[in-house]
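Please treat every number below as a calculation from the coordinates, not as lab data. In this text the structure is predicted, and so the values were computed from the model without any measurement. Ideal geometry is used to build each Cβ from the backbone, glycine not excepted, and the neighbour counts take in all protein chains shown.
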Amino acid sequence: MISKLAYIHPEAKIGKDVTIEPFAFIAGNVTISDGTWIGPNTTIMDGARIGKNCRIFPTAVISGIPQDLKFRGEESTVEIGDNTTIRESATINRGTAAVGKTIVGSNCLLMAYSHVGHDCLIGDNAIIGNSSSLAGEVNVGEWAILSGGTLVHQFTHIGAHVIIGGGSKVRIDVPPFVKADRDPLSFLGLNSVGLTRRGFEKERIDEIHEIYRAIYQKGMNFSQALDYVEKEFKASPDRDYILEFIRKSERGIIRAR
């Protein structure tokens, strides 16, 4: 159902069974895939690419112009995966010349008043809490949870399966599988509850736990700890992901409390 009170540019591409409620605004360079619901007073601007079965609630703004003084009007996009929910007054800015697109994965939840800056990459199944804000070029891994009021500095990377406490200031990178909170943001242990809920077996969780004990509790600097982990633990996707994430970190990673 498409309301006669909505504005839809004639060049917008609208899929099957899309609902567009009254007073929504849909620009021309927009694609909305099958089964998506666009709430009243929602604004979908040029460059939006919205997947199937998404729900976008009132007063959300998708693909707004980047809040970046270097932006010169270049063509760029926002890409939103299938089954993602974007709640009231959330905003997602499109990309700049730096990357060219902002990506929000499938099955994500962006809660009310959250903001995703230009050129961000959010993995599948991530949750961005109420009033949380991501500056430009932030990467958030799959299944990560940023609790309400989290503020993330530009260029920061947050690993998969991370949970970050509400009101946190994320100034440096947060490695995968961990809990982080306090000010300054600190490593508080493994996100074992989240990993269990996602079907990680006990042996797998235990191994990840031992890797982080080596990194944070054996009195070595990070470089020494990573060499130790690489030598003492058998290669596995989890071990290799942790090693690669930390070694590639340009901002450094959080420390233990």
Extension gain (nm, one decimal) between Lys4 and Lys248, 0.36 nm per residue minus Cα-Cα: 82.7 nm
Selected from Val178, Val193, Val152 as most flexible by GNM, with the chain as the system and alpha-carbon contacts under 10 Å: Val193
Derived scalar couplings ³J(HN,Hα) [the stretch 179-184; Karplus, 6.51 cos²θ - 1.76 cosθ + 1.60; whole Hz; x for Gly, Pro]: 9, 9, 6, 6, 9, x
Selection from Ser223, Leu134, Gly165, by position along the positive dipole direction of the chain (Cβ): Gly165
Whole-number percent relative contact order across the chain, with pairs defined as alpha carbons under 8 Å at least 6 apart: 9
The chain: Lys pairs at Cα distance under 26 angstrom, eight or more positions apart or on different chains: 28
Option label - Cα extents along the principal axes in Å computed here, alternatives (i) 65, 39, 30; (ii) 54, 39, 37; (iii) 53, 38, 34: (i)
Amide hydrogen neighbours beyond the local backbone of Val104, cut-off 5 Å, H modeled: Glu79, Ile80, Gly81, Ile122
Residues Thr42, Thr196, Thr59, sorted so that the one with the fewest Cβ neighbours within 10 Å comes first: Thr196, Thr59, Thr42
Calculated log₁₀ intensity ratio I(q)/I(0) where the Debye formula runs over C-alpha points of the stretch 123-232, q = 0.11 Å⁻¹: -0.35
